[in-house]
Amino acid sequence: MARELSGYLNSIAEYIIKESKFTEAETQIAAITFDDEADSSQKILDQIKMPLFRKGWSNIKTVNRYGAIKKNYDRGYKQIILIDEFIGSGQTLLNRIKQLKNDIKEDFEIKICFIAGMDYAIKLIEEAGYEIFCPLKLPKGIRERFIDKSLDEAINSMIEIEETLAPNINEHALTTYSFGYNTAEALYSLEGCQGNTPNSVFPIFWWPRHKNGKERNTLLTRFQKGLK
């Protein structure tokens, strides 16, 4: 797992330096973190520094909070790369870009880099006119792997499985994450590299309580406040 992650990070660094047509002097690489809670985009932002350094970018500007992008843009870092670990539905990213356009209020160059993402979400971002580099593209875990009768059976089976889970945990409703957040149907995790399983993953793999309230021994782990 660590070797695979290293390979993906190197691929992103290669893209940034050789294919993005951005320059080190004008580029800022920014996490899409919105609040003051640590998240996966900050983790990937930190991890990309060494591959970039080894490939020749020794003075790259990194930005660990989305809100600081405008300030750095005004300082001359006009070429913006948004970075994160995983893209599920693409809606969060599109909302960030929309807000960024509102903040900067003029044309700017932007590209997007993710370690992994759902193929349909990547296409959505590209159709919106943005260049995205994502070395690991994933199909939906059920709807893009089964057809006809097998598809119906797989969907019904997952519904039955989810019915064995606790419908609510504190303020978190299982329906919000059914088939993965925004029905992403993701089969992905970097838990082996101390990553946090995305909420886009089928909840059967990480939802921590049974319907009777007892704690589950889950295959994957998701850290989320109030989800215990």
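The values are calculated or read from the model by the stated rules, or taken from the named source; none is laboratory data. Because the structure is a prediction, the values reported are computed rather than measured. Neighbour counts are summed over all protein chains in view; Cβ atoms, including those assigned to glycine, are modelled from backbone coordinates with ideal geometry. Note: areas computed on protein heavy atoms with side chains; ligands, DNA, RNA excluded. Shrake-Rupley method; radii C 1.70, N 1.55, O 1.52, S 1.80 Å.
When ASP152, ASP107, ASP148 are checked against the criterion of being surrounded by fewer than 16 Cβ atoms within 10 Å (Cβ to Cβ) and under 30 Å from LYS21 (Cβ atoms), ASP107 stands alone in meeting it. Scan segment 41-67 for residues that are within 28 Å of THR197 (Cα to Cα), open to solvent by less than 40 Å² (accessible area, probe 1.4 Å) and out of contact with any Cys (no Cβ under 9 Å at 6 or more places or on another chain) and jot them down. The answer is SER41, LEU45, PRO51, LEU52, VAL63, TYR66.
On the given criteria, is LEU100 in contact with a Cys (Cβ under 9 Å, 6 or more places away or on another chain), open to solvent by less than 50 Å² (accessible area, probe 1.4 Å) and modelled with pLDDT under 95?
Working: in contact with a Cys (Cβ under 9 Å, 6 or more places away or on another chain): no; open to solvent by less than 50 Å² (accessible area, probe 1.4 Å): yes; modelled with pLDDT under 95: yes.
So LEU100 does not fit the description; no.
Among residues of segment 7-34 that are open to solvent by less than 60 Å² (accessible area, probe 1.4 Å), those with a Cβ under 7 angstrom from a residue that is assigned to a loop (DSSP other than H, G, I, E, B) and among the hydroxyl-bearing types (Ser, Thr, Tyr), sequence gap 6+ or separate chain, pair up as THR27/TYR77; GLN28/TYR77. Whenever a residue of segment 44-64 is at negative phi, its partners that are open to solvent by less than 80 Å² (accessible area, probe 1.4 Å) and part of a loop (DSSP other than H, G, I, E, B), lying with C-beta atoms within less than 8 angstrom and at least six residues away or across chains, give the pairs LYS49/ILE60; LEU52/ILE60; PHE53/ILE60; TRP57/GLU24; ASN59/GLU24; ILE60/GLU24; LYS61/TYR77; ASN64/THR33.
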